[in-house]
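FYI, it's all coordinate maths here, none of it is from the lab. Since this is a predicted model, take the numbers as computed values, not measurements. FYI the Cβ positions are ideal-geometry reconstructions off the backbone, even for glycines, and counts take in every protein chain you see.
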Amino acid sequence: MDIKISSALDWWDVWKLRLLVLASTVIQFFLFFYGAARRAPVKRWIRVCIWLAYIAGDSVAIYALASLFNRHSRAAAATVGSKLEVLWAPILLIHLAGQEQITAYSIQDNELWARHIVTLVAQVTIALYVFCVSWSGDRRLLAAAILMFIIGIYKFSTKPWALKRACLGNLVRSPASVPQRKNLTGYSNHPCEFFSITWTSTKTKWYVGDAEPDAQIQAVVDQREKEATEEELDLSEYMHKIQEARSGVQATLHLYDIFEFAADILVPYSRRLKILQFMFTYGCKNNRFAGAVKLGLDEIYSRLYTRVNVATTTIGLVVRVITFSLAVAAIALFARTPKSQDDGVDVKVTYILFSGIALLEFLSFGNFISLKRIRVLWPANFTMQNMVPQQSLISSAGRRRKPPTLLWLAGYIGYGDYVNRHWYIEHTPASDLIHEVVLAHVNKGLGEYIHGDPSMYRRFNELRGQWAVDKRLPLLHNHKRQRDVLLRSIRRPFDESVLLWHVATEICFHHADAAGGSPRKLARVISSYMMYLLSTWPDMLMLGTRQHLFSVALDDIKFMLHYSELSTADGDNDDRSIGCALFRMAQNGSWIYRDCIGPLIPRACELADALLQLLRLHEKETWEMVQDVWVEMLCYAATRSRGHMHAVSHAERWELLSRLWLLLCFMGMETLADRLQRTGERYGPHQEETTDDISVEHTNT
C-alpha cells in the first residue's frame with residue numbers, strides 16, 4: 001500500500017506541472033469561444049461554467065507558475081524538471097492576461113485594476129527569475145523564449161490597462177473648458193478626441209441622409225463646442241424643440257456618450273435633443289427603434305466587460321499582427337532546435353502550448369467584429385432574447401403549500417425562500433411586444449398629454465396609472481367606489497402598488513372568462529415581470545424598494561389559505577384554485593384573520609373586487625385600463641431606476657427593464673439624474689410665484 005502511494009506521489013510530481021499548463025490552455029480556449037456567451041441567451045449551466053472558467057483562469061496559471069518556481073528555484077535539487085519547462089513560464093503569463101471577450105465578469109472587477117498591476121509585477125518577476133536561474137539551453141530556444149516573453153508581458157500589461165479604462169467613471173469623458181477648447185492650455189480639438197458610434201452595413205446605416213461618418217464625428221465636436229460656450233437649454237426650450245423634432249427636423253448627430261446615462265450623470269438638454277432627433281429621423285423612417293436601443297446596450301456591455309477599448313483600435317490591430325508573427329517565429333525556432341536529450345512528453349506539451357498561443361492570436365483577429373456583435377454557437381438560443389422572466393405570487397404560494405423536492409430540501413437548510421424566488425422563474429416571449437407598447441405610450445404622451453408643456457412633461461414622467469384611470473372616467477362615472485379604490489391603490493408606495501396590482505391582476509385573470517384579448521394577456525405578463533423584479537432584483541426598480549414585501553405577502557396568503565376549504569391535492573393547488581380561494585376568504589372570512597395578517601392581501605383583494613365588478617360590465621375596456629396601468633408602472637420604474645444597476649445587470653442577462661430604460665432615455669424622458677437635479681422652477685399656472693414668495697411662505701410657516 002505504501003509503495004502504491006509513493007508511486008502515485010512520484011507520478012503526480014512528474015505530471016503536475018504538465019497537467020496544470022494543459023488545463024490552463026483548455027480554459028483559455030473555452031473563454032475565447034464562450035467568454036461572451038453570458039451576454040447571449042444561454043442556459044444556466046453554461047453560465048456557471050463560464051464563471052468557473054473565469055475564476056480558474058488566473059488561479060490555475062498562478063498555481064502553475066508557483067509550481068514552476070518551486071521546481072527550479074533550487075538548482076542543486078535532484079528533482080529539477082526538464083529545461084523545456086522553463087519555456088512554459090511566458091506561456092503562463094499570456095494565460096494570465098485572459099481573453100478579450102471577458103476581461104471583467106462583474107463591474108466591480110474593473111475597480112480592481114490596481115490589484116492586477118501588483119499581480120503583473122509579481123508574476124512577471126517570478127517568471128523572469130525562474131527563467132534566468134534555470135536556463136541552460138540552445139540559443140534558438142532562448143530566442144523563442146524571449147519572443148514569448150515579449151508577447152506575455154505585453155498582453156498581461158493590457159489587462160489592468162483595459163480594466164482601468166473600463167471603469168464607468170473613465171468612460172464618461174469630462175467636458176473640456178473654454179480655454180482648453182480654444183487651445184489656450186494645450187488642448188487639441190481634434191475629431192479623433194471624441195467617441196462616436198459609426199457602424200455601417202449593407203442594410204443599415206447609423207448615420208442619416210447623405211452625411212458621412214466624418215461629418216458625424218464633426219457634428220459631435222460641434223455639439224461639445226456648443227455645450228461649452230453657449231447657455232444650456234432650459235426645460236421650456238427643450239419642450240418646444242421636442243415638438244419641432246416630432247414635426248420632422250433632421251438629425252445630424254449620432255447616438256453617443258450613452259455611458260453618461262449608465263453613470264447617472266446629468267445629460268444636457270441640447271445633447272438629448274440631438275439624440276431624440278436621431279431617434280425620430282432614423283427610427284420613424286426605418287422602424288429601427290429597437291435596433292438603436294440594442295446597439296446602445298451592446299456598446300455598454302462591450303466597453304464595460306470586454307477589452308474593446310484596447311483591442312479594436314488601430315494600434316491594437318498593429319500589435320495583433322506583431323504578436324501573431326512573434327508566436328509563429330517562436331514555433332519555427334523551437335521546431336529547428338535539436339530535442340534528442342529532451343523528454344518526449346515535454347516536447348509534445350511545449351508544441352501544444354506554442355501552437356495554442358499562435359492559434360488564439362490568429363483567431364483573435366475576428367475580435368474586431370465579435371466584440372461588438374456577439375455570436376455564439378451551441379448552446380446559445382437567440383430566440384430567448386424575446387423572453388420575459390415571470391414570477392407569480394400565487395404560484396409561489398402554491399409551491400409553499402406543497403413544496404417540490406428541491407424546495408423542501410432548501411427549506412430544510414434554511415434556503416427555501418431564496419430558492420422559491422430564484423429557481424422557479426418562467427419565461428414568455430413578449431419582450432418585443434412590450435417594447436412596442438411602451439414606445440407607443442411615449443409617442444402618445446408626447447402628442448396628447450405633454451403638448452410641449454414643461455409641467456405636463458414632469459407629470460407624464462410621474463404617472464403610475466393615473467392617466468390610464470383618467471382616460472376611463474366616463475367608464476367610471478357611475479362607479480365612484482371602484483374609482484376610489486383604483487386611485488388609492490395607485491397612490492400607495494410604489495412597491496406596495498406593484499404587489500397590490502399584481503395580486504389583483506392574477507385574481508381577475510383566473511376569475512374572468514377567456515375574453516379580453518391581448519390586453520388581458522399582456523397585463524398579466526407585465527404584472528408577473530414586475531413581481532419578478534420586486535422579488536428577485538429589487539435594486540433594478542428604484543432606491544428603497546422593499547424586497548421583504550414578497551415574503552410578507554406569502555406568509556399572509558399561507559395563513560389565509562390555512563383556514564379556507566382548499567385542500568393540498570394537486571387539483572386544488574393550481575393558480576386558479578388558490579386565487580379563487582384567496583378572494584373568497586377576503587370577502588367572507590375577514591373575521592378569522594383580522595388581527596393575524598397585514599393589510600396588503602386584503603387591499604389587493606379589495607382592488608380585485610373593484611376590477612371584477614367593472615369587468616362584468618365593460619370587460620374589454622377594463623382590461624385595456626389594467627394594461628395601461630402596468631405600462632405606466634413599468635415606465636415609472638424604468639425612469640426611476642439607476643443607470644449603474646443596468647450596467648451591472650448587463651454582465652449576466654438581457655433585462656427588459658434595461659432595454660426600456662435606454663429607450664426612454666433616447667426618447668427624451670426624464671432620467672433619475674434629471675429628477676434629482678431639478679432646479680425648482682415652477683411651470684404652468686403657478687409660474688408667476690417667485691422665490692421671495694416661497695421664502696415668505698416658509699418663514700410664516
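Data for the structure
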quantity	calculated
Gain upon complete extension [residue 543, residue 154; 0.36 nm per residue less C-alpha separation]	135.8 nm
For the range 657-672 and the range 476-533, distance of Cα centres in Å	24 Å
Extension gain, residue 69 back to residue 473 (0.36 nm per residue minus Cα-Cα distance, nm)	137.5 nm
Cβ-based net charge around residue 51, under 11 Å, with every Lys or Arg adding one and every Asp or Glu removing one	+2
Peptides ranked, highest mean first, by Cβ atoms within 10 Å: ranges 322-330, 630-638	630-638, 322-330
Pairwise label distance in nanometres, residue 558 with residue 588, each label 7 Å out on the Cα-Cβ vector	2.6 nm
FRET efficiency, residue 339 to residue 128 (Cβ-Cβ, R0 30 Å, nearest 0.05)	0.80
Extension gain, residue 409 back to residue 136 (0.36 nm per residue minus Cα-Cα distance, nm)	92.3 nm
Whether the range 11-160 is rounded, prolate or oblate, judged on the alpha carbon gyration tensor where a/c under 1.5 counts as rounded	prolate
Distance from the range 377-452 to the range 95-154 (C-alpha centre basis), Å	43 Å
Under 5 Å, built H, 5+ apart or other chain: amide partners of residue 426	390
Cα gyration tensor shape of the range 1-56, rounded if a/c is under 1.5, else prolate or oblate by comparing a/b with b/c	prolate
J(HN,Hα) series, the range 535-541, from Karplus relation 6.51 cos²θ - 1.76 cosθ + 1.60, nearest Hz, glycine and proline x	8, 10, 10, x, 5, 6, 7
Separation in nanometres of the label points that stand 7 Å from Cα toward Cβ, at residue 167 and residue 596	5.6 nm
Global form of the range 384-428, assessed from the alpha-carbon gyration tensor, a/c cut-off 1.5	prolate
Spin-label pair residue 677/residue 617, simplified geometry with 7 Å Cα→Cβ offset, distance in nm	4.8 nm
Modelled label reach - residue 234, point 7 Å along Cα→Cβ, the range 439-479 residues with backbone N closer than 13 Å	454-455
When each of 16/348; 43/155; 241/471; 16/83; 241/294 is checked by Cα-Cα distance, pairs over 22 Å	43/155; 241/471; 241/294
